[in-house]
Amino acid sequence: MVKIRLARIGRKFLPTYRIVVSDSRSIPTSKCIEDLGYYNPQTEECKINEESALKWLNNGALPSDSVKTLFKKAGINKKFAESKLSK
């Protein structure tokens, strides 16, 4: 199963996260299928490639709970729901 989840990078006590698409059986820090963006919790900065995220959601990738929250803030969930209704 393919999942969209956060992979921690950064140094001790200053985490930043990459939003990655990876196989659910692999560890989050291993090689990913595709890198969709990043999230910095200290500055609340989040950059997501919307086209790639929508492509993976349409292909059946499941986002983790934290990624769902980030997608909701970025408006990707709304676009995904609209694309599902138009089909």
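Here are the numbers for the structure shown:
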quantity: Of residues in region 38-87 being touching a Ser or Thr at 6+ places or on another chain (Cβ under 9 Å) and of a type in the set (S, T, N, Q), the one least open to solvent (accessible area, probe 1.4 Å); calculated: N40
quantity: Candidates R11, R5, filtered to the one that is open to solvent by less than 40 Å² (accessible area, probe 1.4 Å) and basic (K, R); calculated: R5
quantity: Of all residues making up region 20-51, the number that are β-branched (V, I, T) and touching a Pro at 6+ places or on another chain (Cβ under 9 Å); calculated: 1
quantity: Selection status of Y17, out of contact with any helix residue (DSSP H, G or I) (no Cβ under 9 Å at 6 or more places or on another chain), buried (at least 16 other Cβ atoms within 10 Å of the Cβ) and at pLDDT 95 or above; calculated: no
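The values are calculated or read from the model by the stated rules, or taken from the named source; none is laboratory data. Only a predicted model underlies this, so the values are computations on that prediction, with no experimental measurement involved. Cβ: placed from backbone, ideal geometry, glycine included. Neighbour counts: every protein chain shown. Heavy atoms of the whole protein, side chains included, go into the accessibility calculation; ligands, DNA and RNA do not. Shrake-Rupley method; radii C 1.70, N 1.55, O 1.52, S 1.80 Å.
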